[in-house]
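The values are calculated or read from the model by the stated rules, or taken from the named source; none is laboratory data. All figures in this text were calculated on a predicted structure; none of them were measured in a lab. Glycine also receives a Cβ, built like all others from the backbone with ideal geometry; neighbour counts cover every protein chain displayed. Side chains are part of the model used for accessible areas, which takes the heavy atoms of the whole protein and leaves out ligands, DNA and RNA. Shrake-Rupley method; radii C 1.70, N 1.55, O 1.52, S 1.80 Å.
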Amino acid sequence: MGQSYDAGRRTAADDGPQRPGGHPQPHADVAGPVPLPAADPTRSPAPDAGAPGPAARAGADADGLGQRGVGTLHLTRPPAVTEPGDPNAPAPFGPGRSAEEPHGGAQARTPAATVPPPSSAATATPPTAIVPPPEAAGTAAPPAGSADDAVDDAAPDSALIRRTLAEIEPIADTVVSHFYALLFLHHPPLRDLFPPAMDAQRDRLFKALLTAARHADDPAALTAYLCPLGRGHRKYGTRPEHYPAVGESLIGALARYATRTWSPAAEAAWVRVYTVISQTMIDAAAEDEAGSPPWWHAEIVGHELRTPDIAVLTLRPDQPYPFLAGQYTSVETPWWPRVWRHYSFSSAPRPDGLLSLHVKAVPAGWVSGALVHRARPGDVLRLGPPAGSMIVDHTTDNGLLCLGGGTGIAPIKALVEDVAEHGGRRPVEVFYGARHAGDLYDMDTMRDLERTHPWLSVRPVVSDGPTSALSGQLPHVVRAYGPWNAYDAYLSGPPGMIRSGLDTLVGAGIPTHRIRHDGNDGLLAEARG
């Protein structure tokens, strides 16, 4: 008998996380939300948002997700915590609450001290004393009014943030671990928003910070990056009132370890930039809330085992699921609550509303193994909102050059269907790669599409072992064909294939803005399974 979720109980504790096993990688698994700091202290809630009321509570009901604005927020710096290894140290990474237990409602902490809002951040007083790391003992911050302060005061926020990140990058794991220690020690209810295993989560956070720093002086790029994050974080149970706790923990961790570059100016820069970051995410979530649920329930109505470790799943969502061909979704199973994995849709939107996913079970893969070997028709999954930019540009007649490796053929098949549905006659060249000939599990489907559409050409490529197909590494084989300078390129497959494919296509004369792929840009850590 299939397992299912209780559709009447949506709790933050049920959620947890992001692309992998077969592509760029929606099949990659990532654990937990990337938390970002405080919302804009100068902004009030939108008139229709209502006051947060008693629920500046970390465990408030999920129905209030995405509330626009949170009133006046204060970013506090928590006291230093004891170092790992200290016999008196608390255990900040305790187990989360059972997924079946309603999310708790502990009252949010009242700040004891605040970092001034952006309007006064430039004149902020130095932070309260924080115990320096052992290696920095005896190192003093530059005195007020020094030449270093003058340089800091004149530097743009992006430069100050990059300087801080450059200092902590060699000890990133230590810094991010300290961040989570502060967060969970001083705000225990937030632990329930994260998955049980935190290894991949630590990597994701730091890479997200690097991305924000890189685009701090590019509002358009920063917004394009943050809005999908804000919408996607609704499924974790993230609420506006969670951001200040994350902000104070972030500032505390940076001040603790960035001993050479930290200053009042640097702190003010981080407050200003992450005020924008968090408010952008909150606003995106509020806008999304008006028309979409935080997640969809989807019943498995078809489960076809194509190979011993690859299954094709057909899903029926409980309400219409809006997506575009080439996009992907995040999936949570009833067997691994709060652990989300990304998979691309293998078809364009269908009139019957059904969805199709290709899943490869990877070694030690929690979710992929369950979906391939344990899931059966009748089981109910959760789906996060659609994401991804690997979609067809229908405003141009350029041909499509598509490279699909392994289960990365799934979104490529969807793109072919999308071109067909738009009635175009633009040429589509598909290179379908696999390690062994037996791994070309969807070749019959691709051949059927090729026979139906004269503008489509499909070439199988096998890298290892005997084959009647083309032989070699997929990007190298593509180089032998062409020219490709009049094509838009789409890549979906393992990270290594994406990297080599990018180099090949740029070398073949395709400009980078006409090469599309998802999940291999270093923004999110990839965890297989």
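Worth a mention:
- Sorting 207-219, 409-421 by average packing, meaning the other beta carbons within 10 Å per residue, from highest down gives 409-421, 207-219.
- Percent accessible area from carbon and sulfur atoms, region 237-330, protein chains only, probe 1.4 Å: 53 percent
- Dipole magnitude of region 351-433 about its Cα centre (Cβ charges: Lys, Arg +1; Asp, Glu -1), debye to nearest 20: 420 debye
- Accessible surface of region 402-478, 1.4 Å probe, proportion on carbon and sulfur as whole %: 47 percent
- Averaged over residues, the count of other Cβ atoms within 10 Å places the peptides 242-255, 451-464 in the sequence 242-255, 451-464, highest first.
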